[in-house]
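A.B. asks: One structure is given below, represented as structure tokens, and several questions about it will come after.
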Amino acid sequence: MQPEYRDGESAITPESFVALARRVWPREYDAARAALALEKTINIGAWVGDRLVGSVRVLTDGYFFATVSELMVDPEYQRRGIGRELMRRALDVSPGGRLFLGAQPGNEPFFERAGFTRGLVGFVGRRDDLLRLPSDLPVPVDDGMASHLVGLPIPTISLPSTTGQRVDLSALAGRTVVYCYPRTGRPDQELPKGWNLIPGARGCTPQSCAFRDHHRELQALDARVFGLSTQDTDYQREAAERLHLPFALLSDARLEFTSAMRLPTFEVESIRLLKRLTLVIRDGTVEQVFYPVFPPDENARQVLSWLLGHRAD
């Protein structure tokens, strides 16, 4: 069924907009605040029956400038030309037929295929700096949920990685450091509501940067490094490229590794995430566990110190 495109006041309802946003970027959204946001933009929606499957919002001063607030297409309806048609219609409502926008890393080819050309370099600023840890974060306590891990054999599970290769941690000889983290944030997206109040949740970006900065030292001690989370590989790849990580991030989006190892988890906005912990694996068996990990940006130093005191034979 071909979508019906609507613009004007009937283009998007707050309820349909929130429902679509949850399917595209899973988290909780406030319908009342969404309604206020929709009042400030020109809205174009793609409908299949009574379901909003795509939307684009244009923010403009009506004369000089127009930009895209966000473009969303339901995952079930992607690769059907809906996004391209929405962008064509967004250009039609822009003053002077010009539209400025920013693309998340990896999405540039889509806009180029839609007829857009690269222009100014975009930057994103935010008051809540993802690279820094707030000074008032709650400290996590040891709940005993990782006490069974030392000596546990690693299950034979092939995990996708940001390099495009699959990795079976059980098959790796020598030492492997795997830091497990809840989720990295993105500069252009808000953190989940109340994220900083969850003990141990905040700090995935500083932790990743610390392992990046100490990577050569870890390699000198014959230890390879991986990050691991329950986010999908595409989401992880954005972080790996933006943070210039010299190692791969592993995705356990299907929770196979997490369940087999009985790793500690928690839920936020109906999404199951890993609690922060770091495993030192030697020849397919867990040799050492760091849990809880706090502060996250000191974890790489802690692992280095332990490795220096426990050199492999």
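The values are calculated or read from the model by the stated rules, or taken from the named source; none is laboratory data. Since the model is a prediction, treat every value here as computed from it, not as a measurement. For neighbour counting, all protein chains shown are included, and Cβ atoms are generated from backbone atoms with ideal geometry for every residue, glycine included.
A.B. asks: Restrict the check to the range 71-82 and report whether at least one residue is more than 18 Å from PHE110 (Cα to Cα), in the same structural domain as ALA103 (by TED's automatic domain parsing) and not in a loop (DSSP other than H, G, I, E, B). I'd like the intermediate steps shown before the answer.
C.D. replies: First, pick out the residues of the range 71-82 that are more than 18 Å from PHE110 (Cα to Cα): none.
No, the conditions are met nowhere in the range 71-82.
A.B. asks: Scan the range 137-161 residue by residue and report those that are among the hydrophobic types (A, V, I, L, M, F, W, C), touching a Phe, Trp or Tyr at 6+ places or on another chain (Cβ under 7 Å) and in a loop (DSSP other than H, G, I, E, B).
C.D. replies: Narrowing the range 137-161 to residues among the hydrophobic types (A, V, I, L, M, F, W, C): 137, 139, 141, 145-146, 149-150, 152, 154, 157, 159.
Those still in the list that are touching a Phe, Trp or Tyr at 6+ places or on another chain (Cβ under 7 Å) too: 139, 146, 157, 159.
Correct list: VAL139, ALA146, ILE157.
A.B. asks: For the range 48-67: of the residues being of a type outside the set (D, E, K, R) and either surrounded by 21 or more Cβ atoms within 10 Å (Cβ to Cβ) or within 21 Å of the chain's Cα centre (by Cα) (or both), which is farthest from GLU4 (Cα to Cα)?
C.D. replies: First pass over the range 48-67, keeping only residues of a type outside the set (D, E, K, R): 48-49, 52-56, 58-60, 62-67.
Still in the running and either surrounded by 21 or more Cβ atoms within 10 Å (Cβ to Cβ) or within 21 Å of the chain's Cα centre (by Cα) (or both): 52-56, 58, 66.
Working: LEU52: 10, VAL53: 10, GLY54: 10, SER55: 11, VAL56: 14, VAL58: 19, ALA66: 24 Å.
Ranking the qualifying residues of the range 48-67, first place goes to ALA66.
A.B. asks: Still on this model: Restricting attention to the range 273-298, report how many residues are in a strand (DSSP E or B) and either surrounded by 22 or more Cβ atoms within 10 Å (Cβ to Cβ) or among the aliphatic types (A, V, I, L, M) (or both).
C.D. replies: Final tally of qualifying residues: 9.
A.B. asks: I'd like the full set of residues that are at pLDDT 80 or above and of a type in the set (D, E, K, R), limited to the range 79-131.
C.D. replies: ARG79, ARG80, ARG84, GLU85, ARG88, ARG89, ASP92, ARG98, GLU108, GLU112, ARG113
A.B. asks: Looking at the range 180-191, is at least one residue in contact (Cβ under 8 Å) with a residue 60 or more places away in the chain, buried (at least 18 other Cβ atoms within 10 Å of the Cβ) and hydrophobic (A, V, I, L, M, F, W, C)?
C.D. replies: So in the range 180-191, the residues in contact (Cβ under 8 Å) with a residue 60 or more places away in the chain come out as 180-183, 186-189, 191.
When the remaining residues are screened for being buried (at least 18 other Cβ atoms within 10 Å of the Cβ), the result is 180-183, 186.
Subsequent filtering for residues that are hydrophobic (A, V, I, L, M, F, W, C) retains 180.
So far as the range 180-191 goes, yes, one or more of its residues are in contact (Cβ under 8 Å) with a residue 60 or more places away in the chain, buried (at least 18 other Cβ atoms within 10 Å of the Cβ) and hydrophobic (A, V, I, L, M, F, W, C).
A.B. asks: Which one is surrounded by the most Cβ atoms within 10 Å (Cβ to Cβ) among residues in the range 3-15 that are at pLDDT 90 or above and not acidic (Asp, Glu)?
C.D. replies: ILE12
A.B. asks: Go through ARG98, ARG88, ARG79, ARG113 for me and flag whichever is basic (Lys, Arg) and under 24 Å from the mean Cα position of the chain (by Cα).
C.D. replies: On the way: ARG98 fails: under 24 Å from the mean Cα position of the chain (by Cα); ARG88 fails: under 24 Å from the mean Cα position of the chain (by Cα); ARG113 fails: under 24 Å from the mean Cα position of the chain (by Cα).
Step by step, each of ARG98, ARG88, ARG79, ARG113 is checked, and only ARG79 is basic (Lys, Arg) and under 24 Å from the mean Cα position of the chain (by Cα).
A.B. asks: Now, a different point. Looking for something under 24 Å from ALA253 (Cα atoms) and either polar (S, T, N, Q) or free of Cβ contacts under 8 Å to residues at least 60 places away in the same chain (or both) - is there at least one such residue anywhere in the range 301-310?
C.D. replies: Residues of the range 301-310 that are under 24 Å from ALA253 (Cα atoms), as a first pass: none.
Within the range 301-310, none of the residues are under 24 Å from ALA253 (Cα atoms) and either polar (S, T, N, Q) or free of Cβ contacts under 8 Å to residues at least 60 places away in the same chain (or both).
A.B. asks: Of these, LEU249, LEU263, LEU255, which one is more than 17 Å from the chain's Cα centre (by Cα) and either touching a residue at least 60 places away in the same chain (Cβ under 8 Å) or under 18 Å from SER158 (Cβ atoms) (or both)? First the steps, then the outcome.
C.D. replies: Details: LEU249 fails: more than 17 Å from the chain's Cα centre (by Cα); LEU255 fails: more than 17 Å from the chain's Cα centre (by Cα).
Of the residues listed, the single one that is more than 17 Å from the chain's Cα centre (by Cα) and either touching a residue at least 60 places away in the same chain (Cβ under 8 Å) or under 18 Å from SER158 (Cβ atoms) (or both) is LEU263.
A.B. asks: Can I ask one more? Would you check if there is a residue in the range 16-36 being surrounded by 22 or more Cβ atoms within 10 Å (Cβ to Cβ) and outside any helix (DSSP H, G or I)? If you could, list the steps in order and put the result at the bottom.
C.D. replies: Step one: filter the range 16-36 for residues surrounded by 22 or more Cβ atoms within 10 Å (Cβ to Cβ), giving 17, 20.
Then keep just the ones that are outside any helix (DSSP H, G or I); that gives none.
Checking the range 16-36: not a single residue is surrounded by 22 or more Cβ atoms within 10 Å (Cβ to Cβ) and outside any helix (DSSP H, G or I).
A.B. asks: Filter the range 218-272 down to residues that are crowded, with 16+ Cβ neighbours inside 10 Å, touching a strand residue (DSSP E or B) at 6+ places or on another chain (Cβ under 7 Å) and over 22 Å from GLY200 (Cα atoms), then give me how many there are.
C.D. replies: 6
A.B. asks: Specify the residue that is nearest to PRO187 (Cα to Cα); the eligible residues are those in the range 73-98 that are among the aliphatic types (A, V, I, L, M) and surrounded by fewer than 20 Cβ atoms within 10 Å (Cβ to Cβ). Break it down stepwise before answering.
C.D. replies: Keep residues of the range 73-98 that are among the aliphatic types (A, V, I, L, M), which gives 73, 82, 86-87, 90-91, 93.
Imposing the further condition that a residue be surrounded by fewer than 20 Cβ atoms within 10 Å (Cβ to Cβ) reduces the set to 91, 93.
Details: LEU91: 26, VAL93: 28 Å.
Among those residues, the one meeting the criterion is LEU91.
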